[in-house]
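Heads up: the structure comes next, in C-alpha cells.
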Amino acid sequence: MKKFLYVIFMLCSAGAYTRQITSAELHDVISIGRRYGVPESVTRQLIYEESRGDVDAQSYVTREGYYSAGLLQIYTKPDNYDYLLWKYWPEDNRCFNIYDPVHNATIALHYLSDLHKQYGSWYKALLFYNHGDIKTASERTKKYALRIINASKLVDK
C-alpha cells in the first residue's frame, strides 16, 4: 500500500515528471538547425541552456505575466509569440504546439538563424535571443551566450 501511495504521490506532484527529448526528436531538431545554418554544437548547447532537454520546460512567470516554454524556451508574450508564429511557422497557427520539440525548434532555430544574419555573430544573436536587446544585456546573459559559444568552439568573424 505504501508503494502504491508513493507512486500516486509522485505522479500527481508538480515537477515529478519531465519528458526529456528522445534521440529521434534530437535528430530532427539538429536537422532543423542545419537547415537554417545553425551549427549542431550551438543547437545542442542551446537546448541544454534553455531547458536541459525537457520538452515541457516552462520558465517562471515574468512581472508582465508571461513565461517561456518548450525545448528552446519561446517567450509567450502575445506580440512576441504572434510575430514568431506569423514569420516562422509554415502551417496553420492552430496546429502549433509549443511543447512539441520539432515545432518549437522550427520557430526558435529559424529565428536564431535570422538573428545571426542580422548581427553577423553568434554571440550577438544569442544575446538578442535570450534578452531581446544587445545593448542592455546583463552579465548573466553575456555569460549565457559565452557558454554556448565556448561549448561549441565557434569563433565569430
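Is it true that Ser59 is out of contact with any Leu (no Cβ under 9 Å at 6 or more places or on another chain) and hydroxyl-bearing (Ser, Thr, Tyr)?
On the way: out of contact with any Leu (no Cβ under 9 Å at 6 or more places or on another chain): yes; hydroxyl-bearing (Ser, Thr, Tyr): yes.
Answer is yes for this residue.
Considering only the range 17-46, state which residues are at pLDDT 95 or above and more than 16 Å from the chain's Cα centre (by Cα).
Listed by number, the residues that qualify are Ser23, Ala24, Arg35, Gly37.
When you go through Asn93, Asn97 one by one, which is the residue that is surrounded by fewer than 19 Cβ atoms within 10 Å (Cβ to Cβ), in contact with a His (Cβ under 9 Å, 6 or more places away or on another chain) and without any contact (Cβ under 8 Å) to a residue 12 or more places away in the chain? If you could, list the steps in order and put the result at the bottom.
Numbers: Asn93 fails: in contact with a His (Cβ under 9 Å, 6 or more places away or on another chain).
When all the criteria are applied, what remains is Asn97.
Anything in the range 46-67 that is of a type in the set (Gly, Ala, Ser) and either part of a loop (DSSP other than H, G, I, E, B) or in contact with a helix residue (DSSP H, G or I) (Cβ under 8 Å, 6 or more places away or on another chain) (or both)? List them, or say none. Working first, answer last.
Step one: filter the range 46-67 for residues of a type in the set (Gly, Ala, Ser), giving 51, 53, 57, 59, 65.
Across the range 46-67, the qualifying residues are Gly53, Ala57, Ser59, Gly65.
Of the conditions (1) among the aliphatic types (A, V, I, L, M); (2) surrounded by fewer than 20 Cβ atoms within 10 Å (Cβ to Cβ); (3) over 17 Å from Ile47 (Cβ atoms), Leu127 clears all except one; give me its number.
(2) is the only condition that Leu127 fails.
Just give me the residues in the range 59-90 being surrounded by fewer than 17 Cβ atoms within 10 Å (Cβ to Cβ) and β-branched (Val, Ile, Thr), in sequence order.
Across the range 59-90, the qualifying residues are Val61, Thr62.
Table: residues versus (1) within 20 Å of Tyr48 (Cα to Cα); (2) touching an Asp or Glu at 6+ places or on another chain (Cβ under 8 Å).
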{"site": "Asn104", "(1), (2)": "yes, no"}
{"site": "Ala108", "(1), (2)": "yes, no"}
{"site": "Ser113", "(1), (2)": "yes, no"}
{"site": "Gln118", "(1), (2)": "no, no"}
{"site": "Trp122", "(1), (2)": "yes, yes"}
{"site": "Asn130", "(1), (2)": "yes, no"}
{"site": "Lys135", "(1), (2)": "no, no"}
{"site": "Thr141", "(1), (2)": "yes, no"}
{"site": "Asn150", "(1), (2)": "yes, no"}
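So, in the range 130-143, exactly how many residues are in a helix (DSSP H, G or I) and surrounded by fewer than 17 Cβ atoms within 10 Å (Cβ to Cβ)? Break it down into steps so the answer makes sense when it comes.
So in the range 130-143, the residues in a helix (DSSP H, G or I) come out as 130-131, 139-143.
If we keep only those that are surrounded by fewer than 17 Cβ atoms within 10 Å (Cβ to Cβ) too, we end up with 139-140, 142-143.
Residues flagged as in a helix (DSSP H, G or I) and surrounded by fewer than 17 Cβ atoms within 10 Å (Cβ to Cβ) within the range 130-143 amount to 4.
Restricting attention to the range 88-108, which residues are in contact with a Leu (Cβ under 7 Å, 6 or more places away or on another chain) and either assigned to a helix (DSSP H, G or I) or of a type in the set (D, E, K, R) (or both)? Before the answer, list the steps.
First pass over the range 88-108, keeping only residues in contact with a Leu (Cβ under 7 Å, 6 or more places away or on another chain): 93, 96, 101, 104-105, 107-108.
Passing the criteria: Asn93, Pro101, Asn104, Ala105, Ile107, Ala108.
The values are calculated or read from the model by the stated rules, or taken from the named source; none is laboratory data. These numbers come from a predicted model, not from an experiment. Don't worry about glycine lacking a Cβ; one is built from the backbone with ideal geometry, like all the others, and counts go over all protein chains shown.
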